[in-house]
1. Under the condition of being open to solvent by 80 Å² or more (accessible area, probe 1.4 Å) and of a type in the set (A, V, I, L, M), which residue from the stretch 47-90 is nearest to residue 9 (Cα to Cα)?
2. Collect the residues in the stretch 24-46 that are of a type in the set (Gly, Ala, Ser), modelled with pLDDT under 75 and surrounded by fewer than 10 Cβ atoms within 10 Å (Cβ to Cβ), keeping them in residue-number order.
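The values are calculated or read from the model by the stated rules, or taken from the named source; none is laboratory data. Treat the numbers as computed from the prediction; the structure is a model and nothing was measured. Cβ placement follows ideal geometry from the backbone for every residue including glycine, while neighbour counts extend to all protein chains displayed. These area figures cover heavy atoms from the full protein model, side chains too; ligands, DNA and RNA do not enter into them. Shrake-Rupley method; radii C 1.70, N 1.55, O 1.52, S 1.80 Å.
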Amino acid sequence: MMQKELPEWFDEEAARAEEQAISGQAVNKDASGGPVKPVKRINKAFQVEEGRVAKWHLLVAMEKGKRRGHKSGPELIDEALDLLFERYGI
């Protein structure tokens with residue numbers, strides 16, 4: 001199965017994020033509200049249909065582009081899981 005290439009901007013963003021993580025640089029110095037308590041997370045592998053990958057990257061990029069109130073990829077997954085739990089009564 002042939003894998004789709006990621007958009008050019010994706011590699012640039014990944015490199016920038018890695019540089020920020022290594023340097024300890026704040027991602028958004030203008031964010032209000034002070035320190036945010038990190039949420040403890042565990043890695044869980046999900047398999048996603050190929051046709052949904054590009055939409056996922058677009059959604060994350062759109063959220064990242066918002067100045068305030070944006071959600072990260074893990075936060076979007078949490079939201080999706082909450083919707084599923086609600087739908088199935090869990």
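1. 58
2. Within the stretch 24-46, 24, 26, 32, 33, 34 qualify.
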